[in-house]
Amino acid sequence: MCSLKYNTKEKKTKNILSRDHELSNTHDVVTSSDILRTLIRKNSVRVVDVRKEDEYRREHIKTAVSLPLAKVLENDSPERIVHLLEQLGISDKTQIVVYDDTFGALAARVAWTFQYVGHSNTSLLETTFTKWKSYGFETEKKVNVFAPAKHSLKVNDEIFANYDEVEKAKSEQNKILVDSRERLNFLSEHIPGATNLPYTMLGTADSILREPQEIKRFMENRGISADDEVITYCGSVGTLSGLAYYALRMGGVKKIRLYSRSFKEWKKLGKPIEEFKDANFWDLSAE
């Protein structure tokens, strides 16, 4: 999967947008601010704001609709998610770009949820709302409502993992568990055999995700190859691990799943955990 990230050059944007049929079928991880602005002008995208509703009402990206993460989690079944999409005027062919103001983690969880129910044409905005606003890009306060649309349900089990699959992955070759929590939390306790890739490493001050070559370096340092089967998890609802999920896709991993119920469910079920009782200062380095 390729990123749509470019510098602010109108020529590049025009060249990309001249291939509308290609753009509408892209499965890219991130969409650049420049491209999103053009898509908004062309009225060919549904922008989804996953911040709290009061934050949305104060100000949001132009044409955006509000779908707080909490509402997604409250309706976290495929049928209900499809209903939410329909209420937002999103059909099977609608291109979606999701954003938040929390370094991309909330947006990642919602984007993954859309893709899980079959809306593959979903990507993350490369930056946060605060950064978007600081650039002077278009915002508004109007609450946007669109006519309901019809959306099919095509659950994509290939990107979802339950605790049984996590348990099997611990002992199977070429299957890797990635814990995306901060290093200290990982050292305190984690699923046995997991590899730590802290979410704090995944972005920069300007972008929610680093460039693919940087992600690949993190992968190499952890013995993760693009051909491995990877399952990501975090502490509770799959936000931090959602960000790791997309980062690893940018790094070239082809088979990757999200354990959305994460470590919280694992512990609740009384599954075995592992900890580093003698962790020292150097263990805190995630590089």
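The values are calculated or read from the model by the stated rules, or taken from the named source; none is laboratory data. On a predicted model such as this, the values are computed, not experimentally measured, just so you know. Quick reminder, even Gly has a Cβ in these numbers, built from the backbone with ideal geometry, and neighbours come from all protein chains shown.
The single residue among 191, 81, 96, 176 that is surrounded by 14 or more Cβ atoms within 10 Å (Cβ to Cβ), in contact with a strand residue (DSSP E or B) (Cβ under 9 Å, 6 or more places away or on another chain) and closer than 30 Å to residue 39 by Cβ turns out to be 96. Looking at the range 28-100, the helices (runs of 4 or more DSSP H) lying wholly inside it that each contain 1 or more residues that are closer than 24 Å to residue 249 by Cα, free of Cβ contacts under 8 Å to residues at least 40 places away in the same chain and not assigned by TED's automatic domain parsing to the domain that holds residue 245 sit at 33-41, 78-87. Of the residues examined, residue 161 is one that is touching a residue at least 60 places away in the same chain (Cβ under 8 Å) and more than 14 Å from residue 61 (Cα to Cα).
Can you say whether residue 108 is among the small types (Gly, Ala, Ser), part of a helix (DSSP H, G or I) and surrounded by fewer than 19 Cβ atoms within 10 Å (Cβ to Cβ), as far as the supplied structure shows? When the stated conditions are applied, residue 108 does not pass them. If the condition is being farther than 25 Å from residue 102 by Cα and of a type outside the set (Lys, Arg), then the range 195-230 contributes 220, 221, 223, 224, 225, 226, 227, 228, 229.
What is the residue count in the range 117-137 for residues that are among the hydroxyl-bearing types (Ser, Thr, Tyr), touching a strand residue (DSSP E or B) at 6+ places or on another chain (Cβ under 9 Å) and touching a residue at least 60 places away in the same chain (Cβ under 8 Å)? Here the count works out to 3.
In the range 239-287, which residues are among the aromatic types (Phe, Trp, Tyr), farther than 24 Å from residue 100 by Cα and at pLDDT 95 or above?
At the first step, the residues of the range 239-287 found to be among the aromatic types (Phe, Trp, Tyr) are 245-246, 259, 263, 266, 276, 281-282.
Applying the additional criterion that residues be farther than 24 Å from residue 100 by Cα yields 266, 276, 281-282.
If the condition is that a residue be among the aromatic types (Phe, Trp, Tyr), farther than 24 Å from residue 100 by Cα and at pLDDT 95 or above, then 266 is the only one that fits.
Of all residues in the range 252-262, count the ones that are in contact (Cβ under 8 Å) with a residue 40 or more places away in the chain, assigned to a loop (DSSP other than H, G, I, E, B) and either of a type in the set (D, E, K, R) or in the same structural domain as residue 104 (by TED's automatic domain parsing) (or both). Final tally of qualifying residues: 1.
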